[in-house]
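Report on one structure; see the data block that follows.
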Amino acid sequence: MDQTSTLEKVLRRVAISLVILFFMFPIFWIVLMSFQTNETILRVPPSIVFEPTLSNYVALITGRLETQAGTLEVNFMSNLWNSLFLSAGSVAVGLILGIPAAYAFGRIKFRGSEDIAFTLLSFRFAPPLLVLLPLTIYFQKIGLADTYFGLIWVYQLIVLPLILWIVRGYFEDIPADIEYAYRIAGHSWFSTFRKVALPLAMPGIAAAGLLAFIFAWNNFIFALVLASADKQPVTVGALAFVTASGIQYGQVAAGIVLSILPTLALALYAQRYLVEGLSLGAVKG
Amino acid sequence: MNGAVLRLENVDKFYGAVGHGVHAVRNVSMDVGKGDIIALLGSSGCGKTSTLRMIAGFEETSRGKIHLSGREVQTLPPVKRHVAMAFEGYSLYPTVNVRDNIAFALKAQRLPRSAVNAKVAEVAEMLEIGDILERMPNSLSGGQQQRASLARALIRDANLYLLDEPMGQLEPQLRTLLRGRLKHFIKERGMTAILVTHDQTEANALADRIAVMEDGVLQQFASPAELKERPANLFTGTFVGEPPMNVFPVSVASDDGRLVLRFDGGQSLAYPENAFAAEVRAALFARGQVVIGVRPYAVRRSGTGAPANVLTNQWLGDQSHVSASFAKGTIILVEHDRAHVAIGDRILIELSPADLHVFDPESGMAISHGRELA
């Protein structure tokens, strides 16, 4: 027998609907905006009835922005590509550096290990602007300013601590004896790391990678200061829509929709691994 | 190496800095011959598992040497020691089924599939897990996981088999059955095994020799019978045996040609002097104060003897356990017939000199067992 009454069920659905509405409305509104011109967006009172237009998307994809003051060049598509390259690159580097480090911090007791791990985490405490000023000067001196390499390096401040601390927790949750059982059966620690620890920590690695990707994708300040136009990601590139003749809300909205798509796709893809990891369950004996 | 598969030489384990950290294993030395089954017996935290893990190579050996099959191994990684181990926490690989867990090491050796299957079937039948081979570890009960883990260790071809609490999770009936089978399996193949346990029955049933540990110190390393009959010190005397040995401090006196043991509560037992062997008698008089120990099944009720008051009387179905207040303490008797005494009854107790274990009160070391000096 189901104990919940009909009234309770109805109330529950209403509550869930309200929550969904609250969180989804801004995104819904942006999607609507992206199919409107500035005139229909800015009319008072606002209305959800309008004649849809693809002009915003066309402008972004062709790179030609028509305003009342004339035609502007926008390189939104190359910004999107930059975002993708910078985020994927920094997550890849972060995983390559962070996973072995996380394993070491999680498994091996060595002098000062906690201090080092905490120092790495403390990079996240520093206000980025504080780091940026000296960094800009150094980068300009050694020629790293305005390079993908330099940007990916700086992005490690964001992604590395995140990956390190999340993945470390997952490694610590794997009972050490499972690895010992594998090692005593005739395997080196490296093959144990590869064949036992890595697969068991995969859900954690997927989660950390996804989160790090989103953090890197949303970063604004590092790229704003350290990159020039041709290396800038969408977060910085969106500034181009603030033009002399006003803010191009339609294009901004379309830009947001386009820039959500890659992270959304990645999240949907990684979700499979996250769920798989949960159903694998009994890592703890 | 005179045939020893394993030799520990003055092995120490410190957690933390050597000489400063927690001293978990203290100067342990022992030899294990080929085909022996050895039990490390002791309460939790006595250092038995640390010793096992040092042998396996999972814990660093702080001091001393470990020889395995003639090689010094204390600095080698586990992979080079050629030992198999069953873990207390089972530690099955969660991503593969029971069959693949058991066959894992064999597959790495590239044995043909038919040979692997035959070996798995044999060990699975022995441990009664033939019906769960295709299941995943997380769907198994603790007892099933434990047997799978044991099977994974036993199926391997190794110089030494380390079994950490191999039957702790099993039901009593199954445990008794598998104990016999396991011993037969190990002996038949001439395997050398060390098992860690806190269960005396398991140690007695399986092991040729038992290493009793306490406080990181190897207290005694002897056969089950010798541990019972000739405990080296008060600790092994009281630790081994169920119910535990009765111990009482006594003073030894001579009275009219008789040897008298006076207890704290004022009771005393008098014996003709020749009831004790001459050396034992001399040792008793030389000390004056000793601790005597007597096993519960060696305590007799009689018409004469020292008085005691019954505190409890339990019939366990095949034996009676009676406890009585005696000499400012409690004495326990085991009788194989139903003891018809009620709580509060006064009984008279006799202890035969042949059953007395005598210990030094300061060091706790054994002085004599029955008619022989220790």
I need the P(r) histogram for the protein assembly as shown: all alpha carbon pairs, bin width 10 Å from 0 out to the longest distance, whole percents. 3, 11, 15, 15, 14, 12, 10, 7, 5, 4, 2, 1, 0, 0
Just checking the output field for A:126-135: average partner chain Cβ neighbours within 10 Å of each residue's Cβ? 0
Near the amide H of residue B:34, under 5 Å away, which other amide H atoms are found, from residues 5 or more places off or on another chain, if H is placed in the peptide plane? B:5
Within 10 Å of each Cβ in A:196-203, the average number of Cβ atoms from other chains: 1
Projected onto the charge dipole of chain A (+1 at Lys/Arg Cβ, -1 at Asp/Glu Cβ, origin at the Cα centre), which of A:75, A:226, A:216 gives the Cα projection farthest towards the positive end? A:216
Residue by residue through segment B:246-251, what is 3J(HN,Hα) from phi via Karplus (6.51 cos²θ - 1.76 cosθ + 1.60, θ = phi - 60°)? Round to whole Hz and write x for glycine and proline. 7, 10, 9, x, 9, 10
Chain A: angle of helix A:128-142 to the longest principal axis, Cα-based, in degrees nearest 10: 90
Counting only helical runs of four or more DSSP H residues, what would the 222 nm mean residue ellipticity of chain B come to if each run contributes -39,500 (n - 2.57) and the total is spread over all its residues? -7500 deg cm²/dmol
Angle in degrees between helix B:113-126 and the longest Cα principal axis of chain B, rounded to the nearest 10: 20
One point scatterer per Cα, no solvent, Debye formula: log10 I(q)/I(0) for segment A:134-187 at q = 0.13, 0.20 Å⁻¹ comes out as -0.56, -0.76
Using a 10 Å cut-off around each Cβ of peptide B:90-102, what is the average number of partner chain Cβ atoms that fall inside? 4
In degrees, nearest 10, the alpha-carbon axis of helix B:98-108 is tilted away from the dominant principal axis of the alpha carbons of chain B by 70
Estimated vicinal HN-Hα couplings, Hz - segment A:216-226 in sequence order (Karplus 6.51, -1.76, 1.60; Gly, Pro = x): 5, 4, 7, 5, 10, 6, 4, 6, 4, 7, 8
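How much space per residue, in cubic angstrom, does the convex hull of the C-alpha atoms of segment A:77-278 take up?
Given the Cα convex hull of segment A:77-278, per-residue volume reads 141 Å³.
Sort the following peptides by mean Cβ neighbour count (other Cβ atoms within 10 Å, averaged over residues), highest first: A:10-20, B:118-128, A:199-209.
Result, highest mean first: A:199-209, B:118-128, A:10-20.
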Linear extension gain, residue B:223 paired with residue B:189, 0.36 nm per residue minus alpha-carbon span: 10.1 nm
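Throughout, read-outs are computed from the coordinates displayed, never taken from laboratory work. What you are looking at is a predicted structure, and each value in this text was computed from that prediction instead of being measured. With ideal geometry, Cβ positions are generated from the backbone for all residues, glycine too; neighbour counts draw on all protein chains shown.
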